[in-house]
Each structure stands twice: as C-alpha cells, then as structure tokens.
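Below is one structure, written out as structure tokens; comments come after it.
The values are calculated or read from the model by the stated rules, or taken from the named source; none is laboratory data. This structure is a prediction, so every number in the text was calculated from the model and none was measured. We place every Cβ from the backbone using ideal geometry, glycine too, and count neighbours over all the protein chains shown.
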Amino acid sequence: MNTRRELPDSAYLAAARGRKPGRVPVWFMRQAGRSLPEYRALRAKNTMMQACFDAELITEITLQPIRRHGVDAAILFSDIVVPLRASGIDLDIVPDVGPVIEHPIRTAADIAEMRPLEREQVAPVAQAVATLVSELGDVPLIGFAGAPFTLASYLVEGGPSRNHERTKAMMLGEPETWHALMTALTEVTIAFLQVQVDAGVDAIQVFDSWAGTLSLADYRSYVLPHSTRVFATLAAAGVPMTHFGVGTAELLGAMSEAASGHGAPAVVGVDWRTSLSDAAARVVPGTALQGNLDPVVLLAGLPVAERAARAVVDDGRRAIDAGAAGHVFNLGHGVLPATDPEVITEVVALVHSL
C-alpha cells in the first residue's frame with residue numbers, strides 16, 4: 001500500500017476538508033474527454049473499453065486537462081461500468097448510446113451468477129494511479145466509482161433509460177431480489193474504490209448519476225443503506241469523499257448523510273438546478289459542497305460563461321456563510337463534447353483570479 005501523499009498547498013483538498021484554501025479550487029467532471037482534440041486523437045485508435053484497461057492511456061488521458069487547463073485536481077480517466085466489465089459482466093460502451101448490457105440482470109438467479117471484483121482484474125487501473133501520483137506533483141488525484149443504484153439501473157435496464165421502469169419495478173415489487181443486487185454491487189463499488197485508494201488516490205467521488213429519479217422515501221428505503229456502507233467502508237483511508245447525483249435536490253440531505261459521520265471529510269456535489277446556498281441548508285452541517293455551473297453555459301460564449309462563473313463563486317461564498325464547510329467550483333454535471341476547450345481554460349483562470 002502506498003503512503004498517502006501530503007499536499008499542504010492543494011486548494012482542492014483544503015476546501016474539501018473544510019479549511020480555507022488560497023484560492024477557489026476548480027476542476028470539472030469529464031474534464032478529460034471528448035471536448036479535447038488530444039483526447040479524440042487517442043480515442044480514434046482505441047475503443048472506450050480498451051482505453052479504460054490500458055494503464056498508459058489512462059495516465060495520458062487523465063493528465064491532458066491538467067496540462068491544458070491548470071485545474072486544481074485530476075480525476076482518474078475511467079468509467080463507472082469498468083468494474084462490472086472486469087468482474088465478468090458482458091457489456092460495452094456504445095458510441096452515442098452509453099453502456100449496453102448483453103444479458104441484463106433481472107432475476108435472483110442472475111444475481112447469484114454475478115462474480116466479485118478481484119484486484120488483478122483492474123490491475124491496469126492501480127498501475128495508472130501509481131504512475132499518476134508520481135507525475136502529478138502537487139495536483140491531487142480523485143478516484144471514483146459508480147454508486148450501487150446507478151450501476152443497478154444499467155444492469156437491470158440493459159442500458160441507459162429515461163424512466164428506469166424495470167429498475168423501479170424490481171425495487172418496489174421484488175425488494176428481496178433488489179437488496180441482493182444492491183449488496184452485490186456495493187461490494188463491487190467498495191472493491192474498485194479500495195484498489196484506487198490503496199494505489200494512492202488523494203480523494204474519491206461516488207457517482208449516483210440516476211438517483212434523482214427516486215423519491216426521498218424510496219431513496220432512504222432502497223438505496224441509502226447501501227451507499228452509506230460504501231462511504232463507511234472507505235472512510236478509514238481518511239481521504240475526502242464526494243457524493244454526486246443529478247436532479248437530486250430533494251435527496252441532498254440524505255446523500256450527505258451517506259457520506260458524513262464516518263471520520264473522513266464529506267463533500268456533496270450539487271447540480272445547476274439547486275443553488276449552493278440552498279444546498280448548504282439541506283446537507284449535514286460540516287459538509288463541503290461542489291458545483292454547480294450549468295455545463296451548457298460553456299457553450300454560450302466566454303462572456304456568458306464568465307458571468308455565470310462569477311455567480312457560482314458568489315453563491316459558494318454564501319453557502320459557506322450558511323454553514324457549508326467549503327466550496328469546490330465545478331459543473332453541475334460533466335463537460336459536454338461540443339465545449340470549446342479555450343472557454344474552459346479561461347473559466348479556470350477567472351475562478352482562480354476571484
């Protein structure tokens with residue numbers, strides 16, 4: 001196991017830990033990806049799944065936005081379905097569609113056939129983390145995984161879904177089967193994150209991208225116990241842990257409960273639909289916030305993006321005044337493929353100047 005790095009000058013880690021950073025830290029979800037021509041050049045020769053299991057490509061793609069934008073944190077290049085593929089689920093990431101599962105998981109028998117994730121199956125990821133930690137210098141590296149609910153939604157539906165019909169039908173109509181699936185996926189998520197933590201990541205983020213499809217009552221009954229176990233297990237490393245979802249305004253309090261109270265710094269990601277100052281009133285006291293520029297704003301031209309970025313920074317300050325432990329500037333979701341990289345670079349510079 002690697003010795004944890006000390007990065008006393010990291011604005012990102014300071015904000016996530018509830019300390020006062022030297023500047024407003026900024027990084028972007030999907031900062032490494034299709035908005036960058038250097039990424040597209042690499043991907044022209046490799047599929048997404050090939051890239052996610054190649055240590056050299058993971059390393060290079062993770063570093064690209066650090067070189068170009070000067071953001072305050074790197075996030076490991078990967079995908080939330082990587083541990084599913086590694087553990088034997090027959091799936092692929094189809095361009096312009098997303099993850100597609102060859103044989104969806106819909107019965108107790110299907111769940112019984114699922115295999116746990118073994119470390120050697122994601123060895124390239126651990127190798128890439130170790131290399132990145134040595135190459136990033138003072139820039140922290142964020143590891144990540146998909147949350148059990150979002151992984152379950154892909155597995156049950158067979159791919160992306162607008163209404164998550166099959167997922168909710170299992171959850172509500174076959175609760176015993178549902179919890180068996182969630183337990184299995186919780187183990188996969190923990191194992192994948194533990195590999196990254198042991199290899200040296202400085203923080204982790206858990207993406208529950210589709211949790212916003214649930215009511216608060218259903219989230220508490222069918223999801224929260226499993227997500228809580230992920231954070232409670234990983235907290236021993238002491239690294240900041242971020243919980244993120246889309247359309248989760250009504251869930252922010254519960255999501256902060258999952259990540260908080262385990263002895264490690266907790267951060268909750270906020271999308272653009274909820275102001276940071278409102279989010280501060282919803283989360284557990286002492287939780288830092290991350291967000292929440294609308295990704296589409298970056299497509300509206302630099303003057304619009306700069307005005308919106310200033311507003312987010314101002315709202316972040318109000319959130320801290322309202323009790324949030326800190327604020328990490330980010331988007332409310334990932335960078336869109338059509339985004340001009342130059343606008344991203346300019347927004348980073350602006351946020352740092354504020």
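Residue-wise test of (1) under 28 Å from Thr59 (Cβ atoms); (2) acidic (Asp, Glu); (3) touching a helix residue (DSSP H, G or I) at 6+ places or on another chain (Cβ under 7 Å); (4) at pLDDT below 95.
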residue: Ile204; (1), (2), (3), (4): yes, no, yes, no
residue: Tyr222; (1), (2), (3), (4): no, no, yes, no
residue: Ala232; (1), (2), (3), (4): no, no, no, no
residue: Phe244; (1), (2), (3), (4): yes, no, no, no
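In the range 282-296, the residues that are within 15 Å of Ala249 (Cα to Cα) reach residues that are surrounded by fewer than 24 Cβ atoms within 10 Å (Cβ to Cβ) and among the aromatic types (Phe, Trp, Tyr) with C-beta atoms within less than 6 angstrom, at least six apart or across chains, in these pairs: Asn292/Trp272; Asp294/Trp272. Only a single item in (1) surrounded by 17 or more Cβ atoms within 10 Å (Cβ to Cβ); (2) at pLDDT below 95 is not met by His103, and it is number (1).
Within the option set Val297, Val304, Val328, being on the phi < 0 side of the Ramachandran plot and touching a strand residue (DSSP E or B) at 6+ places or on another chain (Cβ under 8 Å) holds for one residue only, Val328. Checked against the criterion of being within 19 Å of Cys52 (Cβ to Cβ), surrounded by fewer than 22 Cβ atoms within 10 Å (Cβ to Cβ) and of a type outside the set (Ser, Thr, Tyr), the candidates Ala145, Ala123 yield just one match: Ala123. Across the range 246-281, the qualifying residues are those that are over 20 Å from the mean Cα position of the chain (by Cα) and in contact (Cβ under 8 Å) with a residue 40 or more places away in the chain, and the one among them that is farthest from Gln31 (Cα to Cα) is Ala281.
Among all positions in the range 159-169, there is at least one residue which is closer than 30 Å to Gln31 by Cβ, in contact (Cβ under 8 Å) with a residue 12 or more places away in the chain and part of a helix (DSSP H, G or I).
For the range 265-354, which fully contained helices (runs of 4 or more DSSP H) count at least 3 residues that are in contact with a Leu (Cβ under 7 Å, 6 or more places away or on another chain) and farther than 25 Å from Tyr39 by Cα? Write out each step before concluding.
Working: elements: 276-282, 302-321, 341-353.
Passing ranges, in order: 276-282, 302-321.
Using the structure shown, decide if Ala184 is within 24 Å of Leu289 (Cβ to Cβ) and of a type outside the set (Asp, Glu). Judged against the criteria, Ala184 is not a match. Any residue in the range 58-70 that is in contact with a Cys (Cβ under 8 Å, 6 or more places away or on another chain), in a helix (DSSP H, G or I) and in contact (Cβ under 8 Å) with a residue 40 or more places away in the chain? Yes, the range 58-70 has at least one match.
When the range 69-92 is filtered for residues that are buried (at least 20 other Cβ atoms within 10 Å of the Cβ) and within 18 Å of Ser10 (Cα to Cα), the ones remaining, listed by number, are His69, Val71, Asp72, Ala73, Ala74, Ile75, Leu76.
Out of the residues in the range 106-117 meeting the condition of being within 20 Å of Ala145 (Cβ to Cβ) and in contact (Cβ under 8 Å) with a residue 60 or more places away in the chain, tell me which one is surrounded by the fewest Cβ atoms within 10 Å (Cβ to Cβ).
Selected residue: Pro116.
Scanning the range 33-57 for residues that are out of contact with any Ser or Thr (no Cβ under 6 Å at 6 or more places or on another chain) and in a loop (DSSP other than H, G, I, E, B) returns Gly33, Arg34, Leu36, Ala44, Lys45, Asn46, Thr47, Phe53, Asp54. One residue is enough: does the range 7-24 have a residue meeting the conditions under 21 Å from the mean Cα position of the chain (by Cα), surrounded by fewer than 15 Cβ atoms within 10 Å (Cβ to Cβ) and among the small types (Gly, Ala, Ser)? Checking the range 7-24: not a single residue is under 21 Å from the mean Cα position of the chain (by Cα), surrounded by fewer than 15 Cβ atoms within 10 Å (Cβ to Cβ) and among the small types (Gly, Ala, Ser). Under 9 Å between Cβ atoms, which residue pairs at least 6 apart in sequence (or on different chains) link something in the range 302-325 that is over 12 Å from Leu289 (Cα atoms) with a partner that is part of a helix (DSSP H, G or I) and of a type in the set (Asp, Glu)? The qualifying pairs are Leu302/Glu342; Leu302/Glu346; Ala305/Glu346; Glu306/Glu346.
In the range 1-19, of all residues being assigned to a loop (DSSP other than H, G, I, E, B) and modelled with pLDDT of 95 or more, the one that is nearest to Gly137 (Cα to Cα) corresponds to Ser10.
Examine the range 8-18 for a residue that is among the charged types (D, E, K, R) and closer than 21 Å to Gly269 by Cα, and state whether such a residue exists. Checking the range 8-18: at least one residue is among the charged types (D, E, K, R) and closer than 21 Å to Gly269 by Cα. If you filter the range 154-177 down to residues that are modelled with pLDDT of 95 or more and among the polar types (S, T, N, Q), you find that the one that is farthest from Tyr219 (Cα to Cα) is Thr177. Across the range 41-68, the number of residues qualifying as surrounded by 18 or more Cβ atoms within 10 Å (Cβ to Cβ) and of a type in the set (S, T, N, Q) comes to 3. Tell me, please, whether a residue that is of a type in the set (D, E, K, R), surrounded by 17 or more Cβ atoms within 10 Å (Cβ to Cβ) and not in a loop (DSSP other than H, G, I, E, B) can be found in the range 193-216. Checking the range 193-216: not a single residue is of a type in the set (D, E, K, R), surrounded by 17 or more Cβ atoms within 10 Å (Cβ to Cβ) and not in a loop (DSSP other than H, G, I, E, B).
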